[in-house]
Each structure stands twice: as structure tokens, then as C-alpha cells.
1. Please report 384, 173 as a ranked list, fewest other C-beta atoms within 10 angstrom at the top and most at the bottom.
2. Read phi for every residue in region 214-226 and hand back ³J(HN,Hα) as whole Hz from Karplus 6.51 cos²θ - 1.76 cosθ + 1.60, θ = phi - 60°, with x for Gly and Pro.
3. Given R₀ = 41 Å, FRET efficiency for residue 147-residue 108 by Cβ-Cβ distance, to 0.05?
4. Rg over Rh of region 121-198, using C-alpha atoms and the Kirkwood radius, what does it come to?
5. Just to be sure I understand, if you calculate percent of Cα pairs over 35 Å apart for this structure, which of (i) 31; (ii) 45; (iii) 50 do you get?
6. How about region 216-309: which trypsin sites (Lys or Arg not before Pro) there are in a DSSP loop, with at most 12 other Cβ atoms within 10 Å of their Cβ?
7. Would you please classify the overall shape of region 57-177 from the alpha carbon gyration tensor, given that a ≥ b ≥ c denote the square roots of the eigenvalues, rounded means a/c under 1.5, and beyond that prolate means a/b larger than b/c while oblate covers the rest?
8. Taking +1 at the Cβ of each Lys and Arg and -1 at the Cβ of each Asp and Glu, which of 189, 359, 119 sits farthest along the dipole of the chain towards its positive end, judged by Cα position relative to the Cα centre?
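No value in this document is a laboratory result; all are computed from the given coordinates. Since the model is a prediction, treat every value here as computed from it, not as a measurement. Using ideal geometry, Cβ is built from the backbone for each residue, glycine included, and neighbour counts are taken over all protein chains shown.
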Amino acid sequence: MRGTSMRGNPIRKPALFIVLGGIAIVVGLLCWYFLSGRGGDRFETPGVRTNVLLAAVSDRRVIDPLIVLSVGAGADDVFLFVPADLRIKLPDGTFARLGDTYEPDRMEGIRGRIASALGIDLPYYIAVDEPAFRGLIDGIGGLTLEVEDEVVYIDPESDPPAEIHVRPGEQRLDGATTLAYLRGRPDAGRIARSQVLLGAILAQGFVTRDSRSVARTVREMRGEIETNMPYSDLYALAASFRELDPGGLRTPTLPGERVAIDGVVYVQPRVVEAERIVASSLKGLELLTPSEVNVAVFNGNGIRLMATRTADYLKARGFMVTRIGNADTFSYDTSYIVVLTDEEKAWVLRDALPSPVKIVFPDSFSDHYEALKDLIPIGTDLILIAGAGLEIEE
């Protein structure tokens, strides 16, 4: 019996160790699965787009601009730039700039307000403060950027205030100078600079680095990131950036106009145009095509064959032209689109034209509309009056 027992032990002990080892691995994987958040909401849901808010925060305010990253659903990733000065309506009926509403509910509140303003599902946010942003750039060895125009940033924390100048040309920027490039003046070019900066960070911080280096960067920044995303998904998102083509990024900007109201400068969104961009970029909806837009074209500036050339231009781009003629006068100082049916069609037409044009409705354009309405064929969606400044090549 002892001999049999001794002969069996060399077989049973390794088998037992294998079983116990297998159980330990399974338990470990289950712990990782649930503790990392994989047992709850997933970062990406198959077949639908997932949106993540990206932001940098300084002195209790969100730095301009914010980015809504939209990934998945078998389409290209989209980085939608949202101005921090976007004018939003608060629950109490007052208005504020989006970036000024960081306190008291921090990024969770910002996330909810953007989701409401854009009409999208925005489950996640990732935010870094100034030290973390500088650390990210310094951690990858700085960034090489092609600076088009000089950027000047006045550091309010220094005494006396210090000026940081980022000169035109190819520059190697550390974390502090990169932040100055992002936050400096002129204000008008900030979103364009942010788009350049995004491409550089992705190209030099992710695409050209191996997966271990990317994982190490995320690991080092974990304690400095304000996020509601499970860290396992944060790693997965960072790893996915290595597959992007920085030169082919989709980086639309939420359209708006800068306006001053009661001494405060806001970005007032252009609602219809913004809805189109959100629908196509973040919701993956099919939009109207030019072939669905019927336009009557009239010469409003007196240039010979202006209506005919404009109609040919539109036909070449797929629009349906229902009539060509002269307007009630040749003294239009700008071009107009008069909306007869669907305003969304007016934006499709406006986006196709090479020069600025005003979108109006018959009730606010009544004198001119009354003079033209009998010339408009049934089924026409829009009237285009080609006024001064419309540049259509012959």
C-alpha cells in the first residue's frame, strides 16, 4: 500500500498544483474584471458610438476648448471641439459660459451640461489640471510644433506678470510652453491651435510610442486625472490612440459666433448648423444630400449670366434647380437664401456656396418675397438671390 501511495504522489501533487493554479488565475481574472469596472458599464458598446469628454482645468475653470471624443460603431473617431465660452442656460433660467460652471459639481456637472446642450449621451469624462498637463508633455519629452503666428501668454501667477512668447516656425515646446501656446493670445486662433496640438500629442505621445510606454504614461497620471472611467478602459482608450492617423483626424468645431451680452463675451451657438454637425459627427445620422434640395436661383447683382452660372455651379454639386431668372432688383448688397420649406436644407445650400450668404424667411423678407413668389415653381424649397460678393467662377 505504501509503495502504491508513493508511486501515486508524484502524479497527484502536480495535478493538484495545476488545479489550484487554474483556480487562482480564474479568481484573479474575475477580481480584475469586477474591480476594474468591466463588470459594469463597458467603455464601448458594439454597434453604437461612445462619447467621452476631454478637458483641462485651471483655477476652477475649464480651459478653452473642451473636446468631445466619439469612438466606435465602425466609423472614424471624431474629436468635436467645444468652446469653453459657449453660452448655456442653467436650471435657474440664467445664462453662463460653460467653462465658468466647473464649481461646485466639477466635471460631472460639466459633462451633464454639455450632454444636455448637444442632445447626446455623454457617459464619461477625463480631465487633467495644469500640473498634470505639463507633466504629460514633459513625460513624452516635449512636443515639436509648427507655429504659424506668434502666441503671447501672460502668466497671472507670477509677480510681476511674466510674458511667454511662442515664436513662429518649428518649435520644441516643454509642458509649460505648450500650455502657454494653448492659452495665449490671440483668442481667435485658440481652437485652431488646439487642433494642431491634439495632432501633435497623438502623433508624438501615442502613435510613435510602444504600448508599454503608453501604459506607463497612463499609470503615472492615474492619480492626477479626474475621471469616472474605469482605469482598464482608460488604458484601452490610450492604447487605441496608437492606431490613429494624426494627419487624417476628424476635428470639427461646434459652430458659433462671439457676442457680448451685459459686458460678458460668449460664444452663441448657431443652432441649426450645430445640430447638423452633432448629428453627423456624434450620432452617425444620415443627413440631407444636395439632390434633396430644390432651389430657384435669381440674379440680384446685375452681373451678366450670374443666375445661370450660379445654377450651373449648384447642378454640378447635385442640387436640383427649379428656376433661373432675374430678381426684383439688381441692388442686393449681399446674397440671400429664403427658406420656403425646411431650414436644414438652407444650411446644406449655404455650406456649398463659396461666399457668405444670409438665411432668411419670407415673413422677415416680405417685400422682396412678394415680388418673387409668383415666379417660384411648386415644390421649390429655397430661393437663392445672388447678390454682391457672390463669387462663382465662370
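1. Details: 384 27, 173 20.
Going from least to most buried by this count: 173, 384.
2. Values, residue by residue: 5, 4, 5, 4, 5, 4, 5, 9, 3, x, 9, 9, 9 Hz.
3. Working: r = 35 Å, r/R0 = 0.86.
Once the sixth-power term is evaluated, E becomes 0.70.
4. On the way: Rg = 13.3 Å, Rh = 13.3 Å.
Radius of gyration relative to Kirkwood radius: 1.00.
5. Correct label, based on the coordinates given: (ii).
6. 304
7. Because a/c hits 1.5 or more and a/b fails to exceed b/c, region 57-177 counts as oblate.
8. Value: 119.
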